[in-house]
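The next block holds one structure in the form of structure tokens; read it before the comments.
The values are calculated or read from the model by the stated rules, or taken from the named source; none is laboratory data. What you are looking at is a predicted structure, and each value in this text was computed from that prediction instead of being measured. Virtual Cβ from ideal backbone geometry, glycine too; neighbours counted across all protein chains shown. Accessible surface areas use protein heavy atoms only, side chains included; no ligands, DNA or RNA. Shrake-Rupley method; radii C 1.70, N 1.55, O 1.52, S 1.80 Å.
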Amino acid sequence: MILFGDRLMEKTQVKIDIEDRAYQFGDGIYEVIRVYNGQPFYLNEHLTRLEKSAKAIRLPLPYSINKMESLLQQLLEQSSITDGKIYLQISRGISPRNHAFPLNAKPILVAYLDAIDRPVTKLEHGISAITTADLRWLRCDIKSLNLLPAVLAKQEAVDQGCEEALLVRDEKITEGSSSNVFFVQQGKLITHPSNHLILHGITRHIAIELAHQLKIPIVYQALSQQQLEQIDECFITSTTVEICPVVQIDGKSVGNGKPGPITRRLQQAFAEIIPAPTNV
Ligand code: PMP
């Protein structure tokens, strides 16, 4: 079932208009929310970020945050899926094609739930990454539907047999094509400052909170590509990959080529905050 506006309907009943601005301009915003054991994970944080993205692109949200929460709850309740991800997008609406904002278009909400599992093999063994140019715009903090540079970067990684592309702007690593990135050097975590050059990932925020609890020092600094030679560990964070070790970058092993101890401590702490099944 798909949540289309404020109605739940079969996927085959949903009609996407060819003049929907999400379709023609990528004019809209989105969120991906993890569901563990029937419970949306960090839902408030996702909806707060959605609100910020909407404001940044001057898109009036079609419903209040409370109303969206209850619509998402209905989506979850009618589904037999307990472990998955909700994809939610809001388009600026339907109007004859013209770049300027339409006067009368109504923003359209679409959301649905897909089943996914925790990426256990990647979490255990880590992934490989490449570095490539960050070709995105200067408002990467907005979760906009325009994802073409991220799509191209990810495909470059896949073409080279890797799982993620780390993006480089002005010789500094910003984030992954669909993840945030952390490095460990001499016992300290290093991550890009949360500014307009990265998405303020919810999982990044969780990893930072966990690091504080574990008394792991954090440095908010962009790492240069050359500094990659000196790092001991690397991991990426996202709603779907959680805290995932990166064991190889551009064909070179990170540290000893295995997930490192600080990454492991954070992964363990993350696993402990995943909601357990509720007994009915
Ligand atoms: N950066 C980018 C560019 C992303 O696309 C994503 C995932 N949507 C993230 C970071 C991770 O964000 P989150 O932890 O909120 O999923």
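Rolling a 1.4 Å sphere over the protein heavy atoms, what is the accessible area per residue of region 147-246, to the nearest Å²?
It amounts to 43 Å² per residue over region 147-246.
Over 23 Å between C-alpha atoms is what I'm after, so list which of K11/K122; K15/K154; K15/K106; K106/K143; K55/K154 land there.
K11/K122; K15/K154; K55/K154
I want to make sure I understand the PRE zone here: with the label point 7 angstrom from the Cα of L147 toward its beta carbon, which residues in region 29-54 have backbone N atoms less than 12 Å away?
Residues 29-33 fall inside that zone.
Could you grab the relative contact order for the chain? Cα pairs under 8 Å, six or more apart, rounded to a whole percent.
Reported as a whole number, the value is 18 percent.
What does the charge count around V184 come to, taking other residues whose C-beta lies under 15 Å from its C-beta (Lys +1, Arg +1, Asp -1, Glu -1)?
Taking every Cβ under 15 Å from that of V184, the sum is +3.
May I ask for the distance between the Cα centers of region 10-77 and region 202-266, given as a whole number of Å?
29
If we count every other residue with Cβ under 10 angstrom of I94's Cβ, Lys/Arg +1 and Asp/Glu -1, where does the sum land?
Residues near I94 contribute 0 overall.
Select from region 1-99 those chymotrypsin sites (Phe, Trp or Tyr not before Pro) which occupy a DSSP coil region and have at most 15 other Cβ atoms within 10 Å, ordered by residue number.
Here the sparse-neighbourhood loop sites are Y63.
Within region 105-187, which GluC sites (Glu not before Pro) sit in a loop by DSSP and count at most 11 neighbouring Cβ atoms inside 10 Å?
Sites meeting the loop and neighbour criteria: E171.
Within 10 Å of each candidate Cβ there may be at most 13 other Cβ atoms; applying that plus a DSSP loop requirement, which trypsin sites (Lys or Arg not before Pro) in region 52-127 survive?
Sites meeting the loop and neighbour criteria: R58, R97.
Rounding to the nearest 20 debye, state how big the charge dipole of region 187-280 is about its Cα centre with +1 on each Lys and Arg Cβ and -1 on each Asp and Glu Cβ.
Approximately 120 debye in magnitude.
Give me the base-10 log of I(q)/I(0) for the chain at each q in 0.09, 0.12, 0.13, 0.17 Å⁻¹, Debye formula, one uniform scatterer per Cα, rounded to two decimals.
Calculated log10 I(q)/I(0) at the listed q: -0.45, -0.79, -0.92, -1.40.
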